[in-house]
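A.B. asks: Here it is: the structure, laid out below.
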Amino acid sequence: MSRSTIILAVLVAILLTGPMFIVVPMSFSTAPSLEFPPPGFWLGYYRRFFSDPNWTGPLFNSFAIGFGTMVLAMLFGAPASFALMRHRFRFRSAFRMLVLSPLIVPHIVMALGYYSYFGSLGLVQSMTGVILAHTCLTIPVVVLTLTSALANFDRRVENAAAGLGARPLTTFRLVTFPILRPAFLVAALFAFIHSFDETVIAIFISGRDSATLPRQMFNSFQMEADPAISAASSLLLAAVLVVIGARWAARLVKPQPARAKA
Amino acid sequence: MKNARALSLRGLSKSYLAGQNAVDSIDLEIQPGEFVSFLGPSGSGKTTTLMMIAGFSKPSSGEIAIGGRKIDSVEPYDRNIGMVFQNYALFPHMSVADNVGFPLRMRQVPKAQAAKRIADALAMVGLADFSGRKPAELSGGQQQRVALARALVFEPDVVLLDEPLGALDKALREQMQIELKRIHRELGVTMVYVTHDQGEAMAMSDRIAVFNRGRIEQIGSPAEVYARPQTRFVASFIGDSNLIEGVIGRGGSVDLPGFGSIAVGRGDLTPGTPVDVLLRPETIRLSKEERSPEDICFTVDEIVNYGDSFLVIGKSAGQELRARVPGLDMPALARGERCVMRWSKERVHIVPR
Ligand SMILES: Nc1ncnc2c1ncn2[C@@H]1O[C@H](COP(=O)(O)OP(=O)(O)O)[C@@H](O)[C@H]1O
Ligand SMILES: [Mg+2]
């Protein structure tokens with residue numbers, strides 16, 4: 001690597017991680033309003049965040065919606081992944097396109113669509129509505145994770161299980177699923193975090209009672225710039241980092257070809 | 001294991017692409033307790049045949065029976081066939097004991113009894129002390145043994161092995177060949193063994209089925225397929241060979257241009273029939289004695305020393321020939337030198353074309 005590439009890389013890294021280094025210190029600030037650099041440090045914003053129902057409500061909503069999305073996205077995404085990887089059927093590539101399309105369609109377009117469509121179904125401003133919309137949005141994440149795991153999965157172990165007397169469901173329960181467990185775990189966590197930090201659709205269709213954390217942050221920022229928002233941001237960031245860390249941990253959990261000491 | 005079963009394949013075919021048979025109408029009767037090898041080049045349909053026997057692949061036509069019972073519509077999990085896959089296909093998340101115990105668990109064998117059978121199976125393959133290990137903590141040869149123990153522990157009717165030693169180095173492969181033969185002798189179970197290594201097939205089998213392009217070209221004992229190949233393919237695939245083109249002459253003899261006429265006692269073939277004459281390299285003798293007019297001249301191109309024997313490659317009557325000469329009988333020959341070639345005419349074998 002030449003000197004100029006290194007400098008360029010450092011610049012890009014600063015640009016990418018810069019906001020973290022501003023927001024996180026700010027969340028521990030003593031200043032009465034958002035201010036950088038902070039004049040001093042304490043946990044006031046966090047105390048405020050966790051004692052104000054305007055923040056704890058959305059935090060709970062985000063967890064509930066994230067969990068619901070995770071369950072639904074796995075219920076639809078896992079079978080879709082197996083179908084795409086293991087069966088040839090008519091319109092298979094069309095089906096793949098359809099499943100992955102939320103990756104391409106701009107979120108604002110989808111949000112508008114959900115807004116008008118859910119309006120007629122009475123789902124706007126409800127948690128169910130947000131969960132359904134987030135499910136559509138996160139199925140591609142689940143499918144991409146699971147199909148790549150399935151592509152590397154050696155089906156001969158399933159044949160071996162069948163040959164040894166295991167029926168298909170038993171084979172799935174005792175062989176396929178345990179081997180793919182890390183991928184399932186990663187897919188589920190990704191689904192959760194995708195919903196947890198999703199903003200555009202949440203702004204459009206989550207109502208006052210079902211507001212998610214990002215939506216509440218957006219509102220708060222527009223209205224009064226409550227400095228607790230920096231605590232909220234840091235918590236959101238922490239959640240994302242935990243998920244990325246979990247993915248890394250899942251890789252560690254996979255069996256490593258350790259040397260036998262015979 | 002006294003419950004060895006017969007395995008029969010009748011008109012078994014498989015086509016992946018319309019009009020092309022990966023396996024083409026195979027007929028084969030395997031006796032109870034027999035060790036049969038499927039020998040053939042890569043892509044000749046051995047694995048496909050095995051997969052159909054195991055039930056993982058559906059035949060396009062034909063039928064399969066074990067112990068006289070048709071199994072075409074029996075699911076793989078009800079076939080009671082043990083299989084060792086080329087890559088072993090061990091369950092990576094289970095210990096060695098759980099891998100070997102898997103078929104017993106599927107058959108609801110009581111825990112205590114299962115533990116004893118697992119221990120016996122692991123002892124049989126020499127892995128008694130490894131039951132707690134994960135497959136990733138074993139060497140290739142050890143994984144292979146686990147796969148073997150797993151395929152044998154539930155007393156299957158038939159055991160199928162798909163190039164089980166292919167990934168092992170030469171010394172380990174030879175050791176495992178001997179062990180596999182011992183296990184086969186001890187258990188007396190019917191075994192079908194796939195390999196593309198003719199030496200392995202010769203060393204281990206009761207009978208060899210030679211595969212080529214989805215068909216069985218010949219089935220017979222190792223000695224039979226070696227000494228009396230029925231097709232040019234079998235003659236050239238098994239062992240080292242010289243094939244000389246000739247024509248059947250009068251009185252059961254064969255005319256070889258440049259080599260004269262040999263009496264081979266094949267009165268069953270009509271004169272004028274084109275044939276190949278198989279001359280195994282070890283049946284050729286070279287000597288530097290005075291030549292008599294009827295002797296055949298051999299020009300040496302290349303000499304390879306194998307220690308116990310020499311391979312001499314050269315030309316005779318315009319044909320390239322290979323001769324295998326035991327080290328002690330080797331005359332002092334140099335490249336480019338001419339010598340006399342003799343063969344035992346009774347060892348010559350005729351292959352129809
Ligand atoms: N799943 C498959 N789809 C299409 N063709 C296949 C498939 N499996 C095997 N074949 C073809 O069938 C032929 C026989 O293959 P195989 O039985 O694997 O040969 P072998 O085991 O003797 O090397 C080959 O030409 C191979 O390309
Ligand atoms: Mg094969």
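The values are calculated or read from the model by the stated rules, or taken from the named source; none is laboratory data. Fair warning: this is a prediction, and the values are worked out from it, not measured in the lab. No Cβ is skipped: glycine too gets one built from the backbone with ideal geometry, and neighbour counts run over all protein chains shown.
A.B. asks: For region B:6-57, name all the residues that are within 16 Å of ligand 2 (Cβ to nearest atom), touching an Asp or Glu at 6+ places or on another chain (Cβ under 9 Å) and part of a loop (DSSP other than H, G, I, E, B).
C.D. replies: B:GLY40, B:GLY45
A.B. asks: Related question: Within the group B:VAL312, B:VAL277, B:VAL304, which residue is in contact with a Leu (Cβ under 8 Å, 6 or more places away or on another chain) and free of Cβ contacts under 8 Å to residues at least 12 places away in the same chain?
C.D. replies: B:VAL304
A.B. asks: Yes or no: A:GLY57 surrounded by 20 or more Cβ atoms within 10 Å (Cβ to Cβ) and within 23 Å of A:ALA239 (Cα to Cα)?
C.D. replies: When the stated conditions are applied, A:GLY57 does not pass them.
A.B. asks: State whether the residues of region B:294-312 include one that is assigned by TED's automatic domain parsing to the domain that holds B:VAL247, among the acidic types (Asp, Glu), assigned to a loop (DSSP other than H, G, I, E, B) and under 23 Å from B:GLU245 (Cα atoms).
C.D. replies: Checking region B:294-312: at least one residue is assigned by TED's automatic domain parsing to the domain that holds B:VAL247, among the acidic types (Asp, Glu), assigned to a loop (DSSP other than H, G, I, E, B) and under 23 Å from B:GLU245 (Cα atoms).
A.B. asks: Here's another thing I want to ask about it. On the basis of being away from ligand 1 (no atom under 16 Å from the Cβ) and among the β-branched types (Val, Ile, Thr), does B:VAL96 make the cut?
C.D. replies: Against the criterion (away from ligand 1 (no atom under 16 Å from the Cβ) and among the β-branched types (Val, Ile, Thr)), B:VAL96 qualifies.
A.B. asks: Here are B:GLY67, B:GLY82, B:GLY33: which of them is in contact with a helix residue (DSSP H, G or I) (Cβ under 6 Å, 6 or more places away or on another chain), in contact (Cβ under 8 Å) with a residue 60 or more places away in the chain and of a type outside the set (Val, Ile, Thr)?
C.D. replies: None of the other options fit; the residue is B:GLY82.
A.B. asks: Only one residue in B:GLY260, B:GLY251, B:GLY272 is free of Cβ contacts under 8 Å to residues at least 24 places away in the same chain and assigned by TED's automatic domain parsing to the domain that holds B:MET330, so which one is that?
C.D. replies: Matching residue, one of B:GLY260, B:GLY251, B:GLY272: B:GLY251.
A.B. asks: Oh, and also: Counting just the residues of region B:22-44 that are more than 29 Å from B:ASN3 (Cβ to Cβ) and within 9 Å of ligand 1 (Cβ to nearest atom), which one comes out surrounded by the fewest Cβ atoms within 10 Å (Cβ to Cβ)?
C.D. replies: Step by step, filter region B:22-44, then rank; the result is B:SER42.
A.B. asks: Can you pull out every residue in region B:122-142 that is away from chain A (no Cβ under 13 Å), assigned to a helix (DSSP H, G or I) and under 20 Å from A:GLY163 (Cβ atoms)?
C.D. replies: B:LEU122, B:MET124
A.B. asks: If you take just the helices (runs of 4 or more DSSP H) that sit entirely in region A:91-180, which of them hold at least 3 residues that are within 14 Å of chain B (Cβ to nearest Cβ) and more than 20 Å from A:ALA80 (Cβ to Cβ)?
C.D. replies: The qualifying helices (runs of 4 or more DSSP H) are A:156-163.
A.B. asks: Checking B:ILE81 against (1) surrounded by fewer than 19 Cβ atoms within 10 Å (Cβ to Cβ); (2) within 8 Å of chain A (Cβ to nearest Cβ): exactly one of these is not met. Which one?
C.D. replies: (1)
A.B. asks: Follow-up question, since we're still on this one. Look at region B:94-116 and say how many of its residues are buried (at least 19 other Cβ atoms within 10 Å of the Cβ) and either within 14 Å of chain A (Cβ to nearest Cβ) or under 20 Å from B:LEU161 (Cβ atoms) (or both).
C.D. replies: Residues in region B:94-116 being buried (at least 19 other Cβ atoms within 10 Å of the Cβ) and either within 14 Å of chain A (Cβ to nearest Cβ) or under 20 Å from B:LEU161 (Cβ atoms) (or both): 9 in total.
A.B. asks: In region B:51-70, what residues are within 13 Å of chain A (Cβ to nearest Cβ) and either under 11 Å from B:ALA6 (Cα atoms) or buried (at least 21 other Cβ atoms within 10 Å of the Cβ) (or both)?
C.D. replies: Hits for region B:51-70 are B:MET52, B:ILE53, B:ALA54, B:GLY55.
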